[in-house]
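The values are calculated or read from the model by the stated rules, or taken from the named source; none is laboratory data. No experiment lies behind these values; they were computed from the predicted model shown. Note: ideal-geometry Cβ built from the backbone for every residue, glycine included; neighbour counts use all protein chains shown.
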There are 2 protein chains.
Amino acid sequence: MRERDFIDWICSQSDFDPAIVPVGPGDDMAVVVCNGTKLLLATDQVLDGVHVVIADHGAESVGRKVMARNLSDVAAMAATPFCAVASVGLPTQSPQGDAEALYAGLRTIADAYGCLLVGGDMGSWEGPLCVSVSILAHPASTGPILRSGARPGDILCVTGAFGASWRTRRHLEFAPRVEEAKALAAGFDLHAMIDVSDGLAIDLGRLCGASGVGANLEGEAIPIHPDAHAMCADPLLAALTDGEDYELLFALPEPDADALLARPPFDIPVTRIGEIIASPDRTLTKPDGSRSPLPTGGWEHETR
Amino acid sequence: MRERDFIDWICSQSDFDPAIVPVGPGDDMAVVVCNGTKLLLATDQVLDGVHVVIADHGAESVGRKVMARNLSDVAAMAATPFCAVASVGLPTQSPQGDAEALYAGLRTIADAYGCLLVGGDMGSWEGPLCVSVSILAHPASTGPILRSGARPGDILCVTGAFGASWRTRRHLEFAPRVEEAKALAAGFDLHAMIDVSDGLAIDLGRLCGASGVGANLEGEAIPIHPDAHAMCADPLLAALTDGEDYELLFALPEPDADALLARPPFDIPVTRIGEIIASPDRTLTKPDGSRSPLPTGGWEHETR
C-alpha cells in the first residue's frame with residue numbers, strides 16, 4: 001500500500017464526532033475541541049537516511065529540522081505554535097554530545113517561534129537516529145485554514161521559490177512561514193493552504209484532492225530558486241518535484257489575490273502560479289502555450 | 001551522560017512561566033495551561049529491539065504497546081485520555097500488512113480507553129521499526145497527581161504485582177490503570193504517583209527524587225507476580241528491578257491508606273509496600289528485619 005493510499009485508508013477507519021474532532025487525519029494538523037475551544041495537534045518525524053544524513057548534517061541540524069517541519073505544519077494551518085514534545089531514538093554509538101546538540105537544535109528554533117518544548121522521551125538503540133516531534137497550536141481568530149476549501153476560479157499563490165533545497169542546506173535551515181501564514185489569514189480570504197514538503201506538484205495534488213477540484217499551473221510563473229537554476233538540468237521540473245521547500249501554497253479568490261499581490265503584508269515574495277479548476281485534472285501550461293499533465297516526480301530526487 | 005542525568009540537564013535548560021507550564025519535563029506528563037484550563041501532554045516511543053522484538057511480537061502488539069505506554073503515563077497523572085497522534089518509521093522490508101496491523105493495535109487500545117487517534121506521520125526507512133505516540137489528556141477535577149508531592153510518613157502503595165513481565169506477554173498486554181488512578185485520586189488524598197515502567201526500585205527513586213524524600217520498602221510486603229516466582233531465581237529482586245509492570249506506585253497519608261486498603265474502589269489488588277522517610281535513602285527491610293540499600297538493577301534484565 002502506498003503512503004497516500006495508507007493515509008486514505010486510515011481516514012476511512014476514522015469516524016469522529018465533528019463537534020470533538022472537526023479535522024482528523026489527512027490535513028496538516030488535526031483540529032480538536034478542548035474545553036469548548038479549538039486546538040491543533042500534529043506530529044512529524046525526521047529519520048536518518050531519509051530526511052537527513054546525520055553524518056553529514058550533524059545532530060543540531062537534525063533537531064532544528066524536525067522542529068521546523070512541525071512549525072511548517074502549524075504555518076500551513078495559519079495557526080500559532082504553543083508547545084511541543086520530542087521522542088528521540090539515539091544510536092548507541094552516537095558521538096558524545098549528540099543528544100545535547102540535538103536538543104539545542106530543537107530549542108533554538110522552538111524558542112525563535114515561541115514554541116515551548118515541554119517534554120520528551122529518549123531511548124538509545126541499535127537503529128539509526130529517529131526523532132519525532134508533536135506540536136500543539138492555537139488557531140488564528142479566523143479559524144484554521146484547511147486543505148479542503150479551494151474552489152474553481154480561486155487563484156493559486158506561493159511564498160518563496162522552489163527547487164534544489166535538498167542539494168543545499170536550505171532543507172535544514174528553512175524558516176517556517178508561521179508569521180506569513182497568519183498575516184495572510186488575517187488579511188485575505190484564504191480558501192485552502194498547505195506547506196510544500198514533498199514537492200509543489202504532489203502537495204498541490206493533496207490540496208486539490210482534499211478540495212475535490214483540479215488546477216492548472218503556469219509554467220512560466222513558477223518561482224524557481226536560483227539554486228535550481230544553478231544545479232538542475234531542468235530547473236522547472238526541480239521546482240515542481242524536488243520538495244523540502246517548506247513554502248506556503250494557498251488558494252484564494254481573485255480579488256483577494258490581486259490585493260495581496262499589489263501589497264504583500266511581508267517581505268517574502270508571493271507569486272501567482274495558477275488557478276483552481278472544476279475538473280480534477282492537474283495540468284501545467286508550458287511556455288509555448290501547450291498544456292500537459294503536471295509531473296509529480298522527477299529525476300531530481302536523491303533520498304527523501 | 002546517562003539518561004537520568006540528561007533529563008536533569010534538560011530540566012535545568014527549561015525555564016517556564018508556571019502560569020503557562022505548571023509542570024515541564026521530568027514528570028510522567030507535562031501540564032500546560034491552554035485557554036485558561038490545564039491540559040496534559042506527553043510522548044513515549046517503542047523501538048524494535050529495545051521495548052519490543054517485532055519479529056517475535058508482531059506489529060499489532062507493537063501498536064498496542066506504544067499506545068498503552070502512553071495511556072499508562074496518563075494514569076500516572078490520574079488524568080483522562082483525550083486524543084493522540086502517532087509517528088511511525090517503518091522498515092522498507094516490512095511484511096505486507098504490518099502498517100495496517102500496527103494501526104489496528106494502536107486503535108484497539110486507544111478505542112478501549114476512549115482516546116481518539118487523530119493524526120500521524122509514517123515514513124519508510126532502512127532502520128528498524130520505531131513508533132512514537134504523543135497523547136493529550138484532561139486532568140482530574142482534583143488536578144494532576146505529580147511525582148513531587150510525597151511527604152515523610154506517607155504510606156507507599158502499589159496496584160497489582162511485579163516481576164518477570166518481559167519474560168511473558170504481560171509487557172505487551174498490560175491494562176493501563178487509568179480508571180483505577182482516577183478512582184484513587186477521587187477518593188483519597190494522593191500526594192504523589194508514578195507508573196512503574198523501568199522497575200519498582202528505579203521508579204520509586206524518581207518519585208523520591210522529585211519529592212526530595214527517601215523511602216523504606218518492606219521486602220515481605222512487595223507483591224511478587226506468580227510469573228516471577230515461577231521463572232526467576234530471585235523473585236523479590238525481579239519484582240523490584242524487572243520493570244515493564246505498568247502498575248501504579250503512589251504515596252498517601254496513613255489514614256487514607258488505611259481507608260483505601262480497607263475498601264479498595266476497584267478489583268485490582270492494592271498493597272502497602274513501605275513508607276516515605278525524610279532522609280534521601282532508599283532502603284529495603286528484608287524478611288530477617290535487616291535493612292539494606294534498595295537494589296535498582298538486577299541480573300533479570302534481558303533487552304529493555
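Quick rundown of the values:
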read-out	value
Qualifying positions in region A:49-82 - facing chain B (nearest Cβ under 10 Å) and assigned to a strand (DSSP E or B)	A:82
Qualifying residue in region A:37-48 (condition: without any contact (Cβ under 8 Å) to a residue 40 or more places away in the chain, in a helix (DSSP H, G or I), surrounded by fewer than 24 Cβ atoms within 10 Å (Cβ to Cβ) and over 20 Å from the mean Cα position of the chain (by Cα))	no
Selection within region A:137-163 - at pLDDT 95 or above, of a type in the set (A, V, I, L, M) and out of contact with any Pro (no Cβ under 8 Å at 6 or more places or on another chain)	A:145, A:146, A:150, A:156
Condition check for residue B:106: part of a helix (DSSP H, G or I), more than 12 Å from chain A (Cβ to nearest Cβ) and not β-branched (Val, Ile, Thr)	no
Contacts under 6 angstrom Cβ, first residue in region A:109-126 being more than 7 Å from chain B (Cβ to nearest Cβ) and closer than 14 Å to residue B:32 by Cβ, partner among the small types (Gly, Ala, Ser) and part of a helix (DSSP H, G or I), 6 or more apart	A:117/A:110
Strands (runs of 3 or more DSSP E) enclosed by region A:217-296 - at least 3 residues per element that are surrounded by fewer than 17 Cβ atoms within 10 Å (Cβ to Cβ)	A:291-293
Residue check, residue B:148 surrounded by fewer than 24 Cβ atoms within 10 Å (Cβ to Cβ), more than 30 Å from residue A:49 (Cα to Cα) and within 17 Å of the chain's Cα centre (by Cα)	yes
Filter pass, residue B:85 being of a type in the set (A, V, I, L, M, F, W, C), within 10 Å of another protein chain (Cβ to nearest Cβ) and either touching a residue at least 60 places away in the same chain (Cβ under 8 Å) or touching a Cys at 6+ places or on another chain (Cβ under 7 Å) (or both)	no
Residue match in region A:93-102 (condition: more than 8 Å from every other protein chain (Cβ to nearest Cβ) and farther than 18 Å from residue A:58 by Cβ)	no
Residue check, residue A:287 in contact with an Asp or Glu (Cβ under 7 Å, 6 or more places away or on another chain) and at pLDDT below 95	yes
Residue check, residue B:81 closer than 19 Å to residue A:34 by Cα and touching a helix residue (DSSP H, G or I) at 6+ places or on another chain (Cβ under 8 Å)	yes
Matching residues in region A:16-34 - criterion: being at the interface with another protein chain (Cβ under 10 Å from one of its Cβ atoms) and without any contact (Cβ under 8 Å) to a residue 12 or more places away in the chain	A:16, A:17, A:34
